[in-house]
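S.K.: Can you keep this structure in mind? I'll have questions shortly.
The values are calculated or read from the model by the stated rules, or taken from the named source; none is laboratory data. The shown structure was predicted, so the numbers you read here are calculated from the model rather than taken from an experiment. Here Cβ is always computed from backbone atoms with ideal geometry, including for glycine, and neighbour counts include all displayed protein chains.
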Amino acid sequence: MEKPVEKNNQKIVRTLNGVVISNKMDKTAVVKVDRIKEHPVYKKRFRVSKKYKIHDPKNEAQIGDKVSFREVRPLSKDKRWLLVSREANKDLVGDVMEDDNELVKEINQDKPEV
């Protein structure tokens with residue numbers, strides 16, 4: 001069995017950063033991590049994405065939040081990552097609220113009065 005990688009008697013823990021794309025599960029969020037990869041022959045750079053299921057014990061991650069998470073022991077079939085920190089995406093929340101307010105105003109204007 002493999003032992004965890006150690007450096008100076010300390011375990012190296014992988015940490016990643018990404019954006020929450022789903023939070024519909026209880027205590028779980030799906031996070032998309034983008035990275036840039038280069039083609040070995042043509043040297044063109046392109047974006048590669050991967051999705052991770054992370055453990056969110058307080059259900060605090062919202063769609064669009066930028067999060068940081070680290071590797072932990074297996075928590076379920078798919079979850080091996082734990083939420084470390086979260087930065088709320090204020091632009092996304094503000095835009096959605098403004099769009100909703102404008103939509104309500106348009107709907108109310110189009111209603112015929114009876």
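S.K.: Only residues that are closer than 16 Å to residue 25 by Cα and part of a loop (DSSP other than H, G, I, E, B): list them for the range 66-90, please.
M.R.: 75, 76, 77, 78, 79, 80
S.K.: Something else now. So which of 20, 33, 41, 48 ends up being free of Cβ contacts under 8 Å to residues at least 24 places away in the same chain and within 17 Å of residue 78 (Cα to Cα)?
M.R.: Answer to the selection: 33.
S.K.: Say we look at the range 7-34 and pick out the residues that are more than 10 Å from the chain's Cα centre (by Cα), polar (S, T, N, Q) and assigned to a strand (DSSP E or B); which of these is modelled with the lowest pLDDT?
M.R.: Among those residues, the one meeting the criterion is 10.
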